[in-house]
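Contents: one structure, followed by commentary.
The values are calculated or read from the model by the stated rules, or taken from the named source; none is laboratory data. Because the structure is predicted, anything quoted here is derived from the model rather than measured. Virtual Cβ from ideal backbone geometry, glycine too; neighbours counted across all protein chains shown. Accessible surface is based on the protein model in full, side chains and every heavy atom, while ligands, DNA and RNA are left aside. Shrake-Rupley method; radii C 1.70, N 1.55, O 1.52, S 1.80 Å.
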Amino acid sequence: MIRTKIAGVGHYVPENVVTNHDLEKLMDTSDAWIQERTGIKERRWALPGSDDNPSVMGTRASQMAMKNAGIEADEIDFIIFATLSPDYYFPGPGVMVQDQLGIKEIGALDVRNQCSGFIYGLSVADQFIRTGTYKNILLIGSELHSGGLDKTTRGRGVSVIFGDGAGAVVLQPTQEEGKGVLTTHLHSEGKHAKELALLGPSTSHWVPEIIEKNDPDDLSYYPYMNGNFVFKHAVTRFGEVIGEALQATGYQTSDIDLLIPHQANLRISQYLQQKMGLKEDQVFNNIQKYGNTTAASIPIALSEALQEGKLKNGDLLCLAAFGSGFTWGSTLIRW
Ligand code: UT7
């Protein structure tokens, strides 16, 4: 039986570290508030004028993933790029990675599922690999949030949470007994689309309209989050969708060796850990260093978990995400 394996993982984050104390100078916030509510101590924000845009960061993460997989760029036969912060409104950044890596004219797909983008992309890649369509898929999650945040007290409920960075994996077929992606599960609930969203500029809020109105109270071009509402849905959906993956494969919570949840909030991860009865070292978190990097958070965390020796051959790995849309998803992978 052909399954999909993660053959190589990589990540890249901008050099510029922004601590909670740095944010205290920009807005009415405190290190204590941010740490207590989110667990975040610092995040990376690309310096204005640097070349750390989503496609370039994605390309750098991909180079590390390909090196770890032991393959060259010209062996990649499909690209999937998940982001909510593309370089341009169009085209999507997948084609830019194709160009930056100098790969022949392979397909490049852009995924728009925010925090769940990596799981959605993995699920799509899994179908292509299991049907034998592609042999080396590059799956990237990359985000540049810092340029578009409201860094005043008005925007503090959102801006202290989000960070920049990229993660990437190389996906390949495997016939090794029991190994690889065992199951994937995807969901959405569009009635909550506006609870965590950036509504403009878009076809609903055209740029000429925004310029014409010149309304300082028009916040449509900043991300909006109904934090409490999102939090409550997140803890429920994470639990549900992990349960769904366990049920589909016949495993129990206790069989999971490592859970890497999307890094939305350390409190969400800790709640999940307690509810599922997992030990602290069975759940990997690095939100403390990077904040919430949306589609990039799972591959960055996976890359660091591997570097720290947290994932061994034969381990059962669970990835799960929840975010804007709402969208959520999970996967179980035998490493
Ligand atoms: O990745 C996608 C999924 N995202 C999530 O899952 C995020 C889910 N939500 C959350 O993580 C939390 O709701 C937040 C961390 C965003 C907010 O925490 P909260 O405990 O829900 O705080 P809150 O929004 O209820 O605000 C509590 C108070 C408010 O003041 P008042 O009205 O009680 O006087 C806020 O104005 O904290 C205030 N506040 C802040 N104070 C200092 C909000 N942001 C800040 C801040 N610094 N940065």
Checklist line | Members of region 173-192 found to be closer than 17 Å to Asp315 by Cα and small (Gly, Ala, Ser), listed by number | finding: Gly178, Gly180
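Starting from residues that are open to solvent by 10 Å² or more (accessible area, probe 1.4 Å) and touching a strand residue (DSSP E or B) at 6+ places or on another chain (Cβ under 9 Å), keep the ones in region 269-282 and report whichever is nearest to the ligand (Cβ to nearest atom). Even if it seems obvious, please write down each step before you answer.
Pass one, region 269-282, residues open to solvent by 10 Å² or more (accessible area, probe 1.4 Å): 270-271, 273-282.
Then keep just the ones that are touching a strand residue (DSSP E or B) at 6+ places or on another chain (Cβ under 9 Å); that gives 270, 273, 276, 278, 281-282.
On the way: Gln270: 12, Gln273: 15, Met276: 17, Leu278: 19, Asp281: 23, Gln282: 21 Å.
My answer is Gln270.
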Next item on the list: Examine region 249-261 for a residue that is open to solvent by 10 Å² or more (accessible area, probe 1.4 Å), assigned to a loop (DSSP other than H, G, I, E, B) and of a type in the set (Ser, Thr, Tyr), and state whether such a residue exists.
Entry: yes
Checklist line | Search result, residues across region 148-205 that are among the hydrophobic types (A, V, I, L, M, F, W, C) and in contact with a Pro (Cβ under 9 Å, 6 or more places away or on another chain) | finding: Leu149, Val158, Phe162, Ala166, Ala168, Val169, Leu196, Ala197, Leu198
Note to self: I need the full set of residues from region 298-321 which are free of Cβ contacts under 8 Å to residues at least 12 places away in the same chain, on the phi < 0 side of the Ramachandran plot and in a loop (DSSP other than H, G, I, E, B), in order please.
What the structure shows: Glu308
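Having 1 or more residues that are within 16 Å of the ligand (Cβ to nearest atom) and in contact with a strand residue (DSSP E or B) (Cβ under 8 Å, 6 or more places away or on another chain) is the bar; report the helices (runs of 4 or more DSSP H) wholly within region 1-107 that clear it.
On the way: elements: 20-24, 31-38, 54-69, 94-100.
Helices (runs of 4 or more DSSP H) meeting the threshold: 20-24, 31-38.
Among the residues of region 203-212, is any β-branched (Val, Ile, Thr), farther than 27 Å from Gly329 by Cα, open to solvent by less than 80 Å² (accessible area, probe 1.4 Å) and away from the ligand (no atom under 16 Å from the Cβ)?
Step one: filter region 203-212 for residues β-branched (Val, Ile, Thr), giving 203, 207, 210-211.
Those left that are additionally farther than 27 Å from Gly329 by Cα: 203, 207, 210-211.
So of that shortlist, the ones also open to solvent by less than 80 Å² (accessible area, probe 1.4 Å) come out as 207, 210.
Those left that are additionally away from the ligand (no atom under 16 Å from the Cβ): 207, 210.
Yes, region 203-212 has at least one match.
In contact (Cβ under 8 Å) with a residue 40 or more places away in the chain, among the β-branched types (Val, Ile, Thr) and within 15 Å of the ligand (Cβ to nearest atom), is that true of Thr294? Working first, answer last.
Working: in contact (Cβ under 8 Å) with a residue 40 or more places away in the chain: yes; among the β-branched types (Val, Ile, Thr): yes; within 15 Å of the ligand (Cβ to nearest atom): yes.
Yes; evaluated as a whole, the condition is true for this residue.
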Next item on the list: Could you grab me the full set of residues in region 237-259 that are closer than 22 Å to Val111 by Cβ and within 14 Å of the ligand (Cβ to nearest atom)?
Entry: Arg237, Phe238, Val241
